[in-house]
Amino acid sequence: MHGIRQRAARVDATTPSDRDRAVDALRALAILGVVLGHWLVTALIADGGTLHTASPLQHMPWLTPISWVFQTLAVFFLVGGHVATRGYASARARGTTYGQWLTAGLARLFRPAAAVLTLWTVTAVALLLSGTDFETVRTLVKLALSPMWFLVVFAGLTAATPLVTRLNPLWPLAVVLHVDLIRFGLGGPSWLGWVNVAAGWLVPYTLGAAWTRGELDRARAGWTLLAGGTAATAALVLWAGYPASMVGVPGTTISNLDPPTLAAVTFGLAQCGLALLLRDRLRRTTRRPLAWSAVALVNLSAMTIFLWHQTALMAITAATLPAGHLPGLHTHPDNLTWVAARVAWLPVFALALAICWTAFRTYEQDPRPRSRPRLIRTRTRIRAKSLHRA
């Protein structure tokens, strides 16, 4: 513990004094919320020689509040919009072009994604050549690559940052409202819902831009979003027929997340309001070196954690198959025994994710800062030799 405290103290001491630690804390909470949520509601069932996905929410709907706690994507888009608009303004002030700024931002997103795609392409081919059932391979690949949709949407919003810097969140919210009205109220085509993939997540992203402009600094803004979002979501669920679960549940006709519905967006508004209200408390908490070093560690590898957490779950599920159908892993998620067993498996999933993090975290880090010290040392040696000869 003494060594851990020393390293934490060094991380705390090297952090710029003007850094808003609440931003990093919110991002870390959003990522960890998604990871834990997936680990709790995603089950891989072994039936005969195939694997397929299932959810405890399908059999135990009273667990629905789990989706309210761990579906934290809106907070990630809120923070992403805030960081992107602030970073773009800072880049412009330094004379950095839009192309240079965008290239650097997208590289941080897609470098770790390339490693996931490569590994799963090789794995899928190897499984098919070994005679593994196609449906099993399809289930595994779909689950492993499911986080990729987030990168595509986030990359698109990042590219549009200069256009949405001044955009009022009410505009994309109005688009989501009209899309759902046409789909569900007027019997419009179901494909129209995919417009909400961009419009729905643009709502918290533009709230992040409003945060940058200083429009959300007062507590009243957070309370308004929290109360208004909660009331609107409750009304949509109770009287408009929207599902109570904020994640997709197998067997249901409507998913709040695939694509996003108005209920998912209003729920996201409530989450963003709560996040804004927690900023001061998070700033105080992250003044503690241990808490701040944990937050910094998650932020340095946020995409690695996000992209590999499903692979970690599947690795444990597959590795334990020879031991039989273990509760919480290979059995149907239809009782409290499964829930208790799944909670007990969470540390094992975390260990597998830590192994993935150790192996692939370097893909998320920009290689240029690591080469800089070597370059400085080389130049120093050259200068020293020149002085010695002189």
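Model label sites at residue 182 and residue 47, defined 7 Å from Cα along the beta-carbon direction, differ in position by 3.7 nm.
Overall, the ratio between the Cα radius of gyration of the stretch 88-130 and 2.2 N^0.38 Å, rounded to two decimals, is 1.90. Using heavy atoms of the protein chains and a probe of 1.4 Å, the accessible area assigned to residue 47 is about 70 Å².
For the stretch 261-368, trypsin sites (Lys or Arg not before Pro) meeting the loop criterion (DSSP other than H, G, I, E, B) and having at most 12 other Cβ atoms within 10 Å: 287. Specify whether the C-alpha gyration tensor of the stretch 125-174 places it in the rounded, prolate or oblate class, a ≥ b ≥ c being the square roots of the eigenvalues: rounded for a/c under 1.5, otherwise prolate if a/b is larger than b/c and oblate if not. It comes out prolate by the Cα gyration axes. Distant-in-sequence amide contacts of residue 257, defined by a placed amide H-H separation under 5 Å and a gap of 5 or more residues or a different chain, comprise 248.
First compute the accessible area of the stretch 89-144 with a 1.4 Å probe, then give the percent of it belonging to carbon and sulfur atoms. Here it works out to 66 percent.
Summed over the residues of the chain and divided among them, the accessible surface reaches 52 Å² per residue at a probe radius of 1.4 Å.
Rounded if a/c is under 1.5, else prolate if a/b is larger than b/c, else oblate: which is the stretch 1-56, with a ≥ b ≥ c the root eigenvalues of its Cα gyration tensor? Prolate, since a/c reaches 1.5 and a/b exceeds b/c.
Shown for the stretch 200-346: the carbon plus sulfur share of the solvent-accessible area, taken with all protein chains present and a 1.4 angstrom probe, equals 66%. Taking N as the residue count of the chain, its C-alpha radius of gyration divided by 2.2 N^0.38 Å amounts to 1.08. Of the three principal axes defined by the Cα atoms of the stretch 1-96, the extents in descending order read 59, 41, 30 Å. Rounded to whole numbers, the Karplus 3J(HN,Hα) couplings from phi for the stretch 208-219 are x, 5, 5, 4, 4, 6, x, 7, 10, 6, 7, 4 Hz, using 6.51 cos²θ - 1.76 cosθ + 1.60 with θ = phi - 60°, and x at Gly and Pro.
Restricting the calculation to Cα atoms, the stretch 59-179 shows an Rg/Rh of 1.09 when the hydrodynamic-style radius is the Kirkwood one.
With R₀ set to 22 Å, the beta-carbon distance separating residue 284 from residue 1 gives a calculated FRET efficiency near 0.45. Given their separation in residues at 0.36 nm each and the Cα-Cα distance between them, residue 337 and residue 18 gain 110.0 nm when the chain is fully extended.
Only helices enter the 222 nm calculation for the chain: every DSSP H run of n ≥ 4 contributes -39,500 (n - 2.57), and dividing by all residues gives -23500 deg cm²/dmol, rounded to 500.
With the charge dipole of the chain set up from +1 on Lys and Arg Cβ and -1 on Asp and Glu Cβ about the Cα centre, the Cα lying farthest toward the positive end among the listed residues 15, 55, 200 is that of 15.
Computed from backbone phi, the HN-Hα couplings of the stretch 315-331 come to 5, 5, 4, 6, 5, 9, 4, x, 7, x, 7, 7, x, x, 10, 10, 9 Hz, rounded to whole numbers (Karplus: 6.51 cos²θ - 1.76 cosθ + 1.60, θ = phi - 60°; Gly and Pro given as x). Using only the C-alpha atoms, the convex hull of the stretch 243-374 corresponds to 192 Å³ per residue.
The values are calculated or read from the model by the stated rules, or taken from the named source; none is laboratory data. Since this is a predicted model, take the numbers as computed values, not measurements. All Cβ positions, even for glycine, are placed from backbone atoms using ideal geometry, and neighbour counts span all protein chains on display. When the accessible area is computed, the model is the full protein with side chains, heavy atoms only, and any ligands, DNA or RNA have been set aside. Shrake-Rupley method; radii C 1.70, N 1.55, O 1.52, S 1.80 Å.
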